[in-house]
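A short reminder: the numbers here are calculations on the coordinates, not readings from a lab. What you see is a predicted model, and the numbers here were worked out from it, not measured in a lab. Quick reminder, even Gly has a Cβ in these numbers, built from the backbone with ideal geometry, and neighbours come from all protein chains shown.
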Amino acid sequence: LTYGFIEDEAVAPGQFSVHELRDMLDKLKPLKPSLIKLDSNLPYGLAIVACRLPGYQDRDFAAGVIMADVMNSKRGNLYKLVVDGKALFTGFDSSLFKETGMGFAYAGFPRGMDGSRVVNLLKKVINTYKDKGFPKELVEVAKHREITEAEFRKNSISGLASEWSRAIAIEGRNSPDDDIRAIKQVSQAEVNRTARRYFKTFVVGLLIPKTSGKPVFSRGYKAKESFTEKNPPQVELPAWAKKALSGLPVPKSRLNPVVSILPNGLKLIVQRETISPTVTLYGEIKNNPGMQEPKGKDGITDVLDDLFQYGTCDMNRQEFQKAVDDIAANLSAGTSFSVSVLTKHFDRGVELLAQNLLKPRLPEKAFKTVKKETMDALKGKLKSPSYLARHGLLSMLYPKGDPYLRQATPDTVRSITIDDVRRFHKKIFRPDLTSIVIMGDITPEDAKATIEKYFGTWKASGPKPKIIPPPVPPNKKATLFVPDRTRIQDRVILAETIGATRTHRDYYPLQVGLHVLSGGFYATRLYRDLRKKTGLVYTVQAFLDAKKTRSVFGIIYGCDPPNVPKARALVIKDISNMQNTPVTQHEIRQAKTMMIRQVPISEASIDSSSSILLDLATHDLPIDEHIRAAMKYRKTTAKEIQAAFSRWIRPKDFVMVVRGPRPQ
């Protein structure tokens, strides 16, 4: 993997060279207060208060980084807006350049609420910090977290390459360590001085959610355009390329985890890595809200997830977050949970995770706040184009009453009580449905001992719940148009249910066929026909979402409204060709090469490797399934691809969802 930032060769929008942009930044005029107000298709409103920040070459650069981190602290005043029920969510982000930077605080608010009130709340938080200063404790926490995060960046080949390239080519440092040394020297006084210097003039942005109209269903699509362009001749590979691709051996996996099952049924997977003194834990509890949420209590899963942050039975929200900050951990709880921490703090990190996960505080006062915020968010979500498109797609794919069609509403959330939440937590959080993956600088023996120490007494009660949805019949052809007046182009999804599940033998030739269709940009059929040759779309992607009992095959593309039927016709043509004619040897070799060479890249970071192992464990697949799959891809023939597409794909039965301006 190669990352590079070649400053002097870059060209910005408007064809300014980097040197010209640098001169422009050096001559920046004083910032003037202004308001930018736009309609939005988001399910919530968004208030933004932006200001300038110090750039890479500024003396206050490191202090600016720490200032932004403190603004984002869950123990800070900005996040307290969420806790107090005054915002749906908050955050602080930044974009930095050599000579200057931009920072912005943001907050989400319910549909119909006066956004100017939220802007004033954001300004009050910022000005309070400017006038009274940042707490010394939070400044030290931010420094500790930045130093710890530098260790975690060593766990990714691409991440580390990016860090070094940016430090040398963009920031002008000798190494990324220069920034860490500067951060270690930052004082509370420097952070406060930086706040007084930059928290002066603001640009305010307001995104106001607007209704675009009701979706329109129909039974089919009447366009009958067809395209018969001939495929261009294949370019002969040079000798060195042919040699490199000959044989195509499956790379040996660097993963060799130790797998064990605890007496309570918890599955533990441990892979030792010594690249840095860190440990990362990812976990998943198998669940299915559509099949497990009590009748009439839809949305209880979301309410429970938002309550974990309020602490444990022994610690309130602030005490718990302080304990997490003390070890500079990144911790999240829910049916998907994780903790990342330095090796020396692993025991404490797992202890805090277990307390939060198994014995959450679930306070009634916080419950009332979270319940109201969930109801307010749903009022906007149920009217948003993105939700209408997604729910409309599901309603065309699955039969009435299917678990996937359940939806939370303000009324269902209103009916939820704190006792409902506590019972639901005990019901769905079970060790015999839980998988944990641990990767980092720890032995499998020590990792297992720690997990047994804090999760070993966790017991499941009653029989395992049913969480696997039943198979579904093939869908019927249908079309849905969802108006979205904020979009210039249409976003189109063509999809259908198919009978080839994740463990079916045809899963593998279907995957190779997907890469022939869209796995390699211009070198694949859909990109060549829809973008390169006709210019109808900018992006197009084929997908296969295969589960234990049901699967969905589909195509997603974006295009101008007049081109929707033209692009659809080409998609149908390309898929039909997959069924009628074997793919070429050039295409199958290219697809296999991309898929097999992806194996070592997918294992190039601890995060991606952990994701692979957790996904396999959660779906009850062999722990080396990604290697087994690569071997099956290597053996797949053109005839097998043709047969699989003929057996399962029904081009005439696609449901189509168009979101944006009405197609012409």
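The table below gives the values:
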read-out: Order by protection proxy (mean Cβ within 10 Å, highest first), peptides 271-284, 355-368; value: 271-284, 355-368
read-out: Estimated D of the range 386-425 in µm² per second, where Rh is the Kirkwood radius over Cα pairs and Stokes-Einstein applies at 4 °C, 1.567 mPa s; value: 108 µm²/s
read-out: Gain in span if fully extended, M102 to S611, counting 0.36 nm per residue against the direct Cα distance; value: 179.9 nm
read-out: The range 31-209 - convex hull of the alpha-carbon atoms, volume per residue in Å³; value: 129 Å³
read-out: Average projected area [Cα convex hull, the chain], square nanometres; value: 30.8 nm²
read-out: Distribution of pairwise C-alpha distances over the range 400-545, 5 Å bins, in %; value: 1, 6, 8, 10, 11, 12, 12, 13, 11, 8, 5, 1, 0
read-out: Where trypsin sites (Lys or Arg not before Pro) fall in DSSP loop in the range 524-622, at most 16 other Cβ within 10 Å; value: K533, K547, K548
read-out: FRET efficiency, 1/(1 + (r/R0)^6) with R0 56 Å, evaluated for R196 and I261 via beta carbons; value: 0.45
read-out: Cα-Cα P(r), the range 258-455, percent of pairs per 5 Å interval; value: 1, 7, 14, 16, 16, 14, 12, 9, 7, 3, 0
read-out: Rounded, prolate or oblate (a/c below 1.5 giving rounded, otherwise prolate when a/b exceeds b/c) for the range 508-595 by Cα gyration tensor; value: oblate
read-out: Evaluated at q = 0.10, 0.16, 0.17 Å⁻¹: base-10 log I(q)/I(0), Debye formula over Cα of the range 233-362; value: -0.52, -0.92, -1.00
read-out: Contour minus Cα-Cα distance for K365 and T549 (0.36 nm per residue); value: 62.1 nm
read-out: FRET efficiency, C313 to S461 (Cβ-Cβ, R0 25 Å, nearest 0.05); value: 0.85
read-out: For R173, residues with placed amide H under 5 Å, excluding near neighbours; value: I168
read-out: Charge-dipole axis of the chain as Lys and Arg at +1 and Asp and Glu at -1 on Cβ define it, positive-most pick from T479, A189, Q318; value: T479
read-out: For the range 434-503, convex hull of alpha carbons as volume per residue, Å³; value: 286 Å³
read-out: Sites K379 and D131, calculated FRET efficiency, Cβ-Cβ separation with R0 35 Å, nearest 0.05; value: 0.45
read-out: Listed residue pairs exceeding 26 Å between alpha carbons, taken from K426/K466; K32/K98; K371/K448; value: K371/K448
read-out: Tensor-based shape of the range 20-125 (alpha-carbon gyration tensor, a/c under 1.5 rounded, otherwise prolate or oblate); value: oblate
read-out: Spin-label model distance (nm) - R153 vs M631, 7 Å beyond Cα toward Cβ; value: 4.0 nm
read-out: Global form of the range 83-160, assessed from the alpha-carbon gyration tensor, a/c cut-off 1.5; value: prolate
read-out: Computed helical MRE - 222 nm, the chain, DSSP H runs ≥ 4 contributing -39500 (n - 2.57), nearest 500; value: -12500 deg cm²/dmol
read-out: Unit Cα scatterers, Debye sum, the range 267-325: log10 I(q)/I(0) for q = 0.14, 0.22 Å⁻¹; value: -0.71, -0.99
